[in-house]
1. Please state which of the following conditions Pro176 fails to meet, knowing it meets all the rest: (1) surrounded by fewer than 16 Cβ atoms within 10 Å (Cβ to Cβ); (2) assigned to a helix (DSSP H, G or I).
2. Among the numbered conditions (1) among the hydroxyl-bearing types (Ser, Thr, Tyr); (2) assigned to a helix (DSSP H, G or I); (3) touching a strand residue (DSSP E or B) at 6+ places or on another chain (Cβ under 9 Å); (4) surrounded by fewer than 19 Cβ atoms within 10 Å (Cβ to Cβ), tell me where Thr97 comes up short.
3. What's the number of the condition Gly66 fails, among (1) surrounded by fewer than 18 Cβ atoms within 10 Å (Cβ to Cβ); (2) under 17 Å from the mean Cα position of the chain (by Cα); (3) small (Gly, Ala, Ser)?
4. For region 46-100, give me each residue that is acidic (Asp, Glu) and touching a helix residue (DSSP H, G or I) at 6+ places or on another chain (Cβ under 7 Å).
5. Of the residues that make up region 184-200, is at least one closer than 29 Å to Pro8 by Cβ, in contact with a Ser or Thr (Cβ under 9 Å, 6 or more places away or on another chain) and not in a strand (DSSP E or B)?
6. Listed residues Gly292, Gly203; which is crowded, with 18+ Cβ neighbours inside 10 Å, of a type in the set (Gly, Ala, Ser), touching a Leu at 6+ places or on another chain (Cβ under 8 Å) and within 22 Å of Ser125 (Cβ to Cβ)?
7. Only one of Val246, Val221 is surrounded by fewer than 16 Cβ atoms within 10 Å (Cβ to Cβ), assigned by TED's automatic domain parsing to the domain that holds Asp157 and of a type in the set (A, V, I, L, M, F, W, C); which?
8. With Ala137, Ala170, Ala142, Ala121 as the choices, which residue is modelled with pLDDT of 95 or more, in a helix (DSSP H, G or I), assigned by TED's automatic domain parsing to the domain that holds Cys291 and within 14 Å of the chain's Cα centre (by Cα)?
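The values are calculated or read from the model by the stated rules, or taken from the named source; none is laboratory data. Only a predicted model underlies this, so the values are computations on that prediction, with no experimental measurement involved. Methodologically, a virtual Cβ is constructed for each residue, glycine included, from the backbone with ideal geometry; neighbour enumeration extends over all protein chains shown.
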Amino acid sequence: MILPAVFPPAPFDDYALLDCGRGEKLERLGPYRLRRPDPQAMWAPAAPEAEWEGADLVFEREDDRGGHWVPGPRAQQRPPERWEIACGNARFVVGPTPFKHIGLFPEQAPNWAWTAQRVAALAASLGERPRLLNLFAYTGAATVLASQAGAFVTHVDASKPALRWARENAAASQLPRDAVRWIEDDAQQFVRRELRREKRYHGILLDPPPYGRGPSGERWVFEERIGELLAECAELLVHGPAFLLVSCYAVGTTPLSFQNLLAEFGAGELEAGELALPAEWGARSLPAGLCGRWSRGC
């Protein structure tokens, strides 16, 4: 049987996908179980219904703009509004939001590990902190872990609430105050300004949304803008050892598109595939987005 190319998962002690099916997923975040929608889970669940009914919180959608959380019918405990979970030496603040999100994308754990490995290798060879640019950086899990691996991170996001949350994660993980440069800006506009300033980075991370708006109303559509942005990011990388990682969820493209886009970066190691979360119940994984990785000399 030929299987699709899926990046292997990375350890994450305080998170587990317990089961998925019928448009939902059942997860463990620290001591709590959450049940929320996921349109990729189109098959039947593997776990007994009692497992699902034991969720501490269940997301109930009200309309296309969001919904609210309620206790499961057999819930044993009521989670606080927010709590901390651990990933290696990092600690992340998580909590249910009206948009079904929890402030973290656990499927990115393999990318956090891949980035940390390259940052550590660059730090050892350079004898200084590699400069890493994290675009569409959300609540900063990648920022925190890359900083702990030895990078000086420039964290860019257009959302003020996401930036506040990212700073909380940095504080919870006890990063020094000068470990990260925090930037509220449109990702592409920031990249263009850095090019005019002749700035260069050893590594760049991008996890853009399918659609979005910048702080001044800049329009973002993934399929229309990603090629141009990646070409500009290629110019922003140093000429020596460097790397770039791009991922995205729920776009109308395939890993082959990422493969072709990153091939334009020139000689280096290149891989593209899917991110997925393995479920504890049933021998299957939940699709969780696409990813492309390119590196040169690190």
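1. (2)
2. Exception for Thr97: condition (2).
3. Just one mismatch for Gly66, condition (2).
4. Glu84
5. Looking for residues that are closer than 29 Å to Pro8 by Cβ, in contact with a Ser or Thr (Cβ under 9 Å, 6 or more places away or on another chain) and not in a strand (DSSP E or B), one finds none in region 184-200, hence no.
6. Unique residue meeting the criteria: Gly203.
7. Going through Val246, Val221 in turn, the sole match is Val221.
8. Unique residue meeting the criteria: Ala142.
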